[in-house]
Amino acid sequence: MESVLRYRGREVSVDDVIFLRELIESHPEASRRALSLLVCEAWEWKQPNGTPCDAVCRGLMLALHRANHIVLPPPRWRGRRSASIRHAPPLVEVDKAPIEGTLTEIGPIELRQVRRTSAERLVNSLVQEHHYLGYTTPVGEHLKYLVLAKGRPIGCFCWSSAPRHLGARDRFIGWSPRARRSNIRYVAYQTRFLILPWVRIRHLASHLLGRMSRQLSADWEAVYAHPIYFTETFVDTERNRGTCYLAANWTHLGLTTGRGKADLTMKPNRSLKHVFGYPLVRGFRHRLCAEAP
């Protein structure tokens, strides 16, 4: 069957284009989002938790519109500012008195998943104020964690969907392109790991990474209806060596190319990053390399 466009692993055929044209024609008053939801329903295009793949579907339809295969209705709403301008999250005041001692002395540590809770804004605030990269709004599946000791925040984790293409990781797993497309959702990317600057507890970072590895998959499945088999993160070579990851038995997979995911020049334009990975289950390669029928 002839393909007119390929979008995020999906081949769009001539018959698909005809269907979309007829759908748009038969719903002249529908918005772009309403049309997207109708397409998701017709194509049974859903996430594992049953939610329609609305954002991806709208992206596909926009790509077809720009390629003159279909004509979408005008957008109903336009922001007054560029979509690239993002507002910093509001800051939340916390007790910044020093916390020092050993893991035993600070008492039980709570690793609380706060996505879709009132505590999520506290994580956003702490990351914005104290992480060198600041806070950015995640895209796709993501979870956030607040680390507490005796009720006081001492750190944060942010996790999101993994990048689709990452050479060092893909070679380590042994992925074929088809297997990667089928199973990329089983990999989680640690976008932020923060220990607050007034916290001085030896071995805390590696301890938290170990705790996180035992909790993440179940929490992800509770929210998104599928587990996580492998985790990854980047460490800026100009700032850190990734000592805490090595201490927590993460594997150094290699280096990034320094080009970024939107690069068109094929030349480095940013600092190189160490790529670290950690499997959450035995036989992770077998699970991740299984190709969809």
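Out of E120, E141, E44, one residue alone is more than 30 Å from P28 (Cα to Cα), of a type in the set (D, E) and at pLDDT below 95. It is E141.
Output the residue which, of all residues in region 16-38 that are within 30 Å of E221 (Cβ to Cβ) and touching a Pro at 6+ places or on another chain (Cβ under 9 Å), is surrounded by the most Cβ atoms within 10 Å (Cβ to Cβ). Before the answer, list the steps.
Step one: filter region 16-38 for residues within 30 Å of E221 (Cβ to Cβ), giving 33, 36-38.
Next, only the ones that are touching a Pro at 6+ places or on another chain (Cβ under 9 Å) stay: 36-37.
Values: S36: 24, L37: 18.
That would be S36.
Just one of the listed residues (A97, A179) is surrounded by 14 or more Cβ atoms within 10 Å (Cβ to Cβ) and of a type in the set (G, A, S), and it is A179. Annotation note: Cβ proximity below 9 Å between a residue of region 177-200 that is closer than 20 Å to E221 by Cβ and a residue that is at pLDDT 95 or above and among the acidic types (D, E) (sequence gap 6+ or interchain) occurs for V187/E232; A188/E232; Y189/E232; Q190/E232.
Restricted to region 4-15, and to residues there that are loosely packed, with under 13 Cβ neighbours inside 10 Å and of a type in the set (K, R), the residue that is modelled with the highest pLDDT is R6. If you go through region 190-218 and pick out every residue that is among the hydroxyl-bearing types (S, T, Y) and more than 20 Å from the chain's Cα centre (by Cα), you end up with 1. Among the helices (runs of 4 or more DSSP H) confined to region 175-293, the ones with at least 1 residues that are touching a Cys at 6+ places or on another chain (Cβ under 9 Å) and modelled with pLDDT under 95 are located at 177-183.
The values are calculated or read from the model by the stated rules, or taken from the named source; none is laboratory data. No experiment lies behind these values; they were computed from the predicted model shown. All Cβ positions, even for glycine, are placed from backbone atoms using ideal geometry, and neighbour counts span all protein chains on display.
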